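*Asks:* Encoded as structure tokens, here's the structure I'll be asking about.
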Amino acid sequence: MLQEKKAIGVFDSGVGGLTVVRALRERLPRENIVYFGDTARVPYGTKSRNTIEQFSGQIVEFLLEQQVKVLVIACNTIAAVAGTKIRQMAGKMPVIDVIGAGAEAAIAASTTGKIGVIATSTTVNSKAYPKAIEERKHLWQDKFAVCRVFSEACSVLVPLIEEGWLDNEVTRLALREYLPPLLQEKIDTLILGCTHYPLIKPLLAEEAKGINLVDSSTTTAEAVYRVLWEKNLLNNQEEKPDYRFFVSDIPLRFRAIGEQFLQFPLEQLEMISL
Ligand code: DGL
């Protein structure tokens with residue numbers, strides 16, 4: 001198969017990474033996509049590094065068998081703790097992850113250098129976002145003398161969002177627990193460091209008024225576009241793109257929840273065990 005016609009391989013711990021597929025489809029409408037969501041073993045956000053490395057290694061093996069041309073780690077938690085292992089497995093294949101893309105977008109958006117992050121406990125404990133921002137000092141050192149990152153683990157948001165409680169008072173109250181410590185630090189930019197959070201962007205905009213919200217799904221899609229362009233891997237074919245979705249379980253309401261994340265029908269959905 002022609003190199004550029006190969007699919008973009010996207011993966012996540014479950015359904016959340018479909019927000020990244022949605023953004024990829026908007027930014028790169030001619031690209032074929034293969035998605036894997038580990039719905040049988042989600043959530044990853046409370047699991048240990050070893051377990052996440054082991055599970056994501058299995059996912060990467062599967063996607064490499066599908067002959068993808070680029071790997072997209074759509075899950076913040078996987079990117080936070082297993083990114084190095086995944087890059088080793090991928091060899092020369094480009095690997096884009098939500099954390100690098102989110103860190104760069106936050107640096108570009110911030111004017112004061114005070115950046116907030118909301119994410120799962122594992123992502124927050126890994127300090128992956130502060131590290132990614134520090135590693136990109138060359139991007140901010142001319143803009144602000146210091147860059148400070150304040151993080152908050154928001155454990156209850158994933159189940160609330162999967163319940164479909166997007167514009168809901170319970171979700172609003174949860175945000176009112178999590179956001180004040182960040183707001184007190186006078187952050188001007190907030191990274192939505194979890195696949196699920198773009199779905200509650202309107203609520204976040206109300207509860208964190210005037211703060212730049214960095215949506216990792218759109219920034220990741222932009223980063224994928226850039227790497228495909230640089231490597232001459234963009235698919236310029238006119239034919240209808242192919243989207244294939246693989247999951248390790250099809251739980252109750254999966255299709256309905258998935259389509260809410262994706263905003264288009266989940267047509268080619270298949271269950272496989274790794
Ligand atoms: N996909 C995960 C993330 O972005 C959230 C769900 C989970 O905990 O597995 O961090």
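*Asks:* Does the stretch 57-71 contain at least one residue that is at pLDDT 95 or above, within 13 Å of the ligand (Cβ to nearest atom) and under 15 Å from the mean Cα position of the chain (by Cα)?
*Replies:* Taking every residue of the stretch 57-71 in turn, none turns out to be at pLDDT 95 or above, within 13 Å of the ligand (Cβ to nearest atom) and under 15 Å from the mean Cα position of the chain (by Cα).
*Asks:* Among the residues of the stretch 92-100, is any more than 10 Å from the ligand (Cβ to nearest atom) and either in a helix (DSSP H, G or I) or open to solvent by less than 10 Å² (accessible area, probe 1.4 Å) (or both)?
*Replies:* Among the residues of the stretch 92-100, at least one is more than 10 Å from the ligand (Cβ to nearest atom) and either in a helix (DSSP H, G or I) or open to solvent by less than 10 Å² (accessible area, probe 1.4 Å) (or both), which makes the answer yes.
*Asks:* Within the stretch 114-137, is even one residue touching a residue at least 40 places away in the same chain (Cβ under 8 Å) and part of a loop (DSSP other than H, G, I, E, B)?
*Replies:* Yes, the conditions are met somewhere in the stretch 114-137.
*Asks:* Now for a different question. So in the stretch 14-40, with the set limited to residues that are surrounded by fewer than 18 Cβ atoms within 10 Å (Cβ to Cβ) and in a loop (DSSP other than H, G, I, E, B), which one is nearest to the ligand (Cβ to nearest atom)?
*Replies:* ALA40
*Asks:* Of the residues PHE11, PHE55, which is within 21 Å of PRO241 (Cα to Cα) and not basic (Lys, Arg)?
*Replies:* None of the other options fit; the residue is PHE11.
*Asks:* Quickly run through the stretch 116-152 and pick out the residues that are out of contact with any strand residue (DSSP E or B) (no Cβ under 6 Å at 6 or more places or on another chain), open to solvent by 20 Å² or more (accessible area, probe 1.4 Å), more than 16 Å from TYR44 (Cβ to Cβ) and of a type outside the set (Asp, Glu).
*Replies:* LYS127, LYS131, ARG136, LYS137, HIS138, LEU139, GLN141, LYS143, ALA145, VAL146, CYS147
*Asks:* Name the residues in the stretch 197-224 that are in a helix (DSSP H, G or I) and free of Cβ contacts under 8 Å to residues at least 60 places away in the same chain, would you?
*Replies:* Hits for the stretch 197-224 are ILE200, LYS201, PRO202, LEU203, LEU204, ALA205, GLU206, GLU207.
*Asks:* Give the residue that is farthest from the ligand (Cβ to nearest atom), with candidates limited to residues of the stretch 72-91 that are touching a Ser or Thr at 6+ places or on another chain (Cβ under 9 Å) and part of a loop (DSSP other than H, G, I, E, B).
*Replies:* Looking at residues that are touching a Ser or Thr at 6+ places or on another chain (Cβ under 9 Å) and part of a loop (DSSP other than H, G, I, E, B), I get ALA74.
*Asks:* Restricted to the stretch 225-257, and to residues that are at pLDDT below 90 and assigned to a helix (DSSP H, G or I), which residue is surrounded by the fewest Cβ atoms within 10 Å (Cβ to Cβ)?
*Replies:* Here the answer is ALA256.
*Asks:* When the residues of the stretch 167-196 are filtered to those that are in contact (Cβ under 8 Å) with a residue 40 or more places away in the chain and within 16 Å of the ligand (Cβ to nearest atom), which remaining residue is most open to solvent (accessible area, probe 1.4 Å)?
*Replies:* TYR178
*Asks:* Restricting to the stretch 41-71, and then to whatever is in a helix (DSSP H, G or I) and open to solvent by less than 10 Å² (accessible area, probe 1.4 Å), can you tell me which residue is nearest to GLU239 (Cα to Cα)?
*Replies:* Filtering the stretch 41-71 for residues that are in a helix (DSSP H, G or I) and open to solvent by less than 10 Å² (accessible area, probe 1.4 Å), the one nearest to GLU239 (Cα to Cα) comes out as LEU63.
The values are calculated or read from the model by the stated rules, or taken from the named source; none is laboratory data. Just so it is clear, the structure is predicted and the values come from calculations on it, not from any experiment. Using ideal geometry, Cβ is built from the backbone for each residue, glycine included, and neighbour counts are taken over all protein chains shown. Note: accessible area is taken over every heavy atom of the protein model, side chains too, but ligands, DNA and RNA are not part of it. Shrake-Rupley method; radii C 1.70, N 1.55, O 1.52, S 1.80 Å.
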